[in-house]
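The values are calculated or read from the model by the stated rules, or taken from the named source; none is laboratory data. Note that the structure is predicted; figures quoted are calculated from it, not measured. Because the Cβ atoms are built from the backbone with ideal geometry, glycine has one as well, and the counts that use them run over all protein chains shown. Areas reflect the complete protein model, heavy atoms only, side chains present, ligands, DNA and RNA absent. Shrake-Rupley method; radii C 1.70, N 1.55, O 1.52, S 1.80 Å.
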Amino acid sequence: MLAEYPVAELTDRDIPPMFHEVAAEGWSYTPNGARVLTGLVPELTSSYFDVLQEETSINGRGMIDYDLPAAASERTGPLLRRCLAYAFACLVEAERKFGDQEVRSYVTLSMGGEGDDLLTATVTFCTHTPNAVPYIRDIENVQDAAVAELTSGDREGWY
């Protein structure tokens with residue numbers, strides 16, 4: 001999908017305003033050690049099974065798409081650009097904050113909406129821990145969605 005819809009020259013203008021604000025607020029740690037986007041931390045604290053669940057629960061969001069056409073041919077490119085621009089803006093900030101590239105972004109495009117006939121997207125961030133179960137197991141064999149796992153180092157090919 002990334003080859004079919006080239007996303008050269010991504011800019012901050014590709015990021016919807018509310019997501020731009022989240023990226024600009026940066027990252028922080030929770031008391032449990034989870035790396036989270038500060039602007040997405042809920043007011044009420046919850047209990048989580050582990051750090052991965054905490055990170056994905058807090059850092060995962062559906063991408064704004066209400067203003068995009070319903071036809072996949074007109075929707076896919078702009079939706080993908082929004083997701084990638086937001087993902088890379090947050091990943092760059094994570095690398096600045098934490099001094100490493102351990103935060104990964106998972107951009108997922110799949111069919112959704114009331115009749116599962118509308119292309120929708122989510123962007124989720126979590127820390128990559130080599131000895132832990134990954135956020136998406138067997139990512140290469142996902143069948144019902146298009147998924148890209150990204151690090152801040154992947155941005156070189158896009159900007």
With a 1.4 Å probe and all protein chains left in place, how much accessible area per residue does segment 1-147 have, in Å²?
56
Using a 1.4 Å probe on the protein heavy atoms, what percent of the accessible area of the chain belongs to carbon and sulfur?
49
Excluding Phe98 itself, calculate the net charge of residues whose Cβ lies under 13 Å from the Cβ of Phe98, where each Lys or Arg counts +1 and each Asp or Glu counts -1.
-1
Stretch Met111-Asp138 to full length: gain in nm at 0.36 nm per residue minus the Cα-Cα span?
7.7 nm
Take the alpha carbon gyration tensor of segment 108-159, find the square roots of its eigenvalues, order them as a ≥ b ≥ c, and report rounded if a/c is under 1.5; if not, report prolate when a/b exceeds b/c, else oblate.
oblate
Rounded to 10°, Cα long-axis angle of helix 72-98 versus longest principal axis of the chain:
20
